[in-house]
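Values quoted throughout were computed directly from the atomic coordinates according to the rules given, and no laboratory measurement underlies them. Not measured: the values here are computed from a predicted model. Cβ placement follows ideal geometry from the backbone for every residue including glycine, while neighbour counts extend to all protein chains displayed.
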Amino acid sequence: MVEGTSGFALVEVVIALCVVTAAFVSVFALAYQSMRVVNDMKSELHAALAAESEMERIRAMPRDQFMELSPSMALDLTVLRKGKGEVRILPVNDEPGNEGIRVVSVRIAWVNRNGRAQELAFATLMANRGKERP
């Protein structure tokens, strides 16, 4: 280097570019991973809303219609990619006094955008007791 001149050598510039490139790659990798997590959460939210909606639909039924439901029903899940849903309504047990109590479970399975299989299930007890709805 000539005395009295200022500037950067080619090696310094290359090292600086490598450091900046590594920083940009790290930031973009983090952003990509964040978008994948957000997409997974979106599909899980859609599944939870579909399951909750079905559970509320069953809860709102008059008791005679509820007791006539088949023990297993499929759900229409067009909101989820490769989604399958199932509702099961089973008696609690055969003990006296439990005749009108049913376990209602909603199970939803789907494949997320990343190709990973996921599953969500809700369950509750419902009783066929009390005043019949008009």
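I'm checking my understanding of the structure. Among residues of region 100-118 that are more than 19 Å from residue 54 (Cβ to Cβ) and in contact with a strand residue (DSSP E or B) (Cβ under 8 Å, 6 or more places away or on another chain), which one is surrounded by the fewest Cβ atoms within 10 Å (Cβ to Cβ)?
Only one residue fits best here, namely 117.
Every residue in region 38-73 that is surrounded by 11 or more Cβ atoms within 10 Å (Cβ to Cβ) and β-branched (Val, Ile, Thr), please.
Across region 38-73, the qualifying residue is only 58.
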